[in-house]
Structures are given as C-alpha cells and as structure tokens.
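In what follows, a single structure is set out as structure tokens and then discussed.
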Amino acid sequence: MPTTFDDLLARARALPREGRRAVLGITGSPGAGKTTLAESLVRELNGDGRPWVAHVPMDGFHLADAELDRLGRRDRKGAPDTFDAAGYAALLRRLRDDTADVVYAPGFERVLEQPIAGAIPVPPTARLVVTEGNYLLLDTGAWARVRPHLDEVWFCELDEEERVRRLVARHEEFGKDHEAAVAWVERSDQRNAGLVAATRERADLVVREPGRADRRL
C-alpha cells in the first residue's frame, strides 16, 4: 500500500516518547524531494499553533567557500568531504540531550551558497527535530557518527529523469546558465547521488515520489 502523507504524519508524531526529544532524519539523493517533504511535515505538525517541531537541515554544515578553496575542494562542493560531518553529528547529539536551553544551529543561504552560523533556533519546547540531507546514512569517516543520533531515517526516492530535471532547474534558479547547470549535475551531483543511493537499504522507511505522498488523500 502506498505511503500517504497522513501515514507519514502519524509516524512522525509517534517518535517522541516518554517526554524525550526525538530526531527524524530524511535523506535521499540530490533533488529527490527531501527539503520539500521535511518542510511540509514541519508545517503540518505545527499547524495547531503550538510549535513543537523544528527543522534543522544538514546544509548548514557546508564548509565555507574560503575553506574549500584552501583545501582545493571547491569544484566538488556538495561531496561528503566538503561538509563538517563531525560538527553535524555533535549538533545532533546536543539536540537530543540539551532540552533545557535554546540550541542554535547553522543555516544555509542558497543565493550566497554559504552557511550562516546561529541561524536556526531550536527552543526547549521542540519535542521533534526534523533534519534532512544527503549523507545521513553514510557509514564512512565522521558520517558514521550521525546515524546513532537519529530515531528514524526515511529515504526519499524519485524517478531518476525527474530528479535530474529538478536538479538542473535548481542550479538555473540560483544563477547558473543551462549548460553550466547540466555540467555540474553530470560532474558532481550524479557522483554524490550514487553514494547516497548505496545507503538506501539502511533506511527505516523508503518514501517513493515524496511529492505524491505530500498530498492529503
């Protein structure tokens, strides 16, 4: 039976138990619909006016362009070694353990393509944190520290042709011309997508065509 948005909402609502804060991870290849699904879940779960769900994307842990230039990795921006994976894992641990204070997480400015420190406040009232990103299930290097801090991880899966089309359109939206957008997708995004696809079997749930699940039936 296909997973509906109502099914996903019920599953997310059930994650916090015995007063403990829970962290839900949403992963999938670039362009698969992770952010759209996460934002829809948070908006609906907070719809009664009581903001008990927070959204903390992984993208805030991109290394800044200046550091990528120093490391010689800027042409691979978005690859696993262009993020502060250890910092991301440490934040997830703090989000689970520190429920007495506001926890500030970094955000990511799409127009500037740069992380911004302290951009996302997570208040003590947040009982569920939804985090999303490509490498939540990667088991190499510091990325292996991420999964133990997640109560569940859902894997977004989209038709390949549509996923690539969305990626190209996204790069165009943020300033690349069509040829440059296609080249970046073929050179960088698709290589990263292969790494992410290999982690699919480690997910607790596969959400196929998340845009379709994100419709009340």
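The values are calculated or read from the model by the stated rules, or taken from the named source; none is laboratory data. Treat the numbers as computed from the prediction; the structure is a model and nothing was measured. Because the Cβ atoms are built from the backbone with ideal geometry, glycine has one as well, and the counts that use them run over all protein chains shown.
All of Gly31, Gly19, Gly78 fail the test of being over 20 Å from the mean Cα position of the chain (by Cα), assigned to a loop (DSSP other than H, G, I, E, B) and not charged (D, E, K, R), apart from Gly19.
Among residues of the range 166-183 that are farther than 21 Å from Ala32 by Cβ and among the hydrophobic types (A, V, I, L, M, F, W, C), those with a Cβ under 8 angstrom from a residue that is surrounded by 12 or more Cβ atoms within 10 Å (Cβ to Cβ) and at pLDDT below 75, sequence gap 6+ or separate chain, pair up as Ala180/His171. The single residue among Ala142, Ala169 that is at pLDDT 95 or above and either within 17 Å of the chain's Cα centre (by Cα) or small (Gly, Ala, Ser) (or both) turns out to be Ala142. Of everything in the range 93-145 that is in a loop (DSSP other than H, G, I, E, B) and among the hydroxyl-bearing types (Ser, Thr, Tyr), the residue that is surrounded by the fewest Cβ atoms within 10 Å (Cβ to Cβ) is Thr140. Number of residues in the range 196-211 that are at pLDDT 85 or above and in a helix (DSSP H, G or I) equals 5.
Within the range 87-105, residues that are of a type in the set (S, T, N, Q) have Cβ atoms under 8 Å from residues that are in a loop (DSSP other than H, G, I, E, B) in these pairs: Thr99/Arg21; Thr99/Pro124, counting only partners at least 6 apart in sequence or on another chain. The set of residues from the range 113-144 being in contact with a strand residue (DSSP E or B) (Cβ under 7 Å, 6 or more places away or on another chain) and of a type in the set (Asp, Glu) comprises just one member, Glu132.
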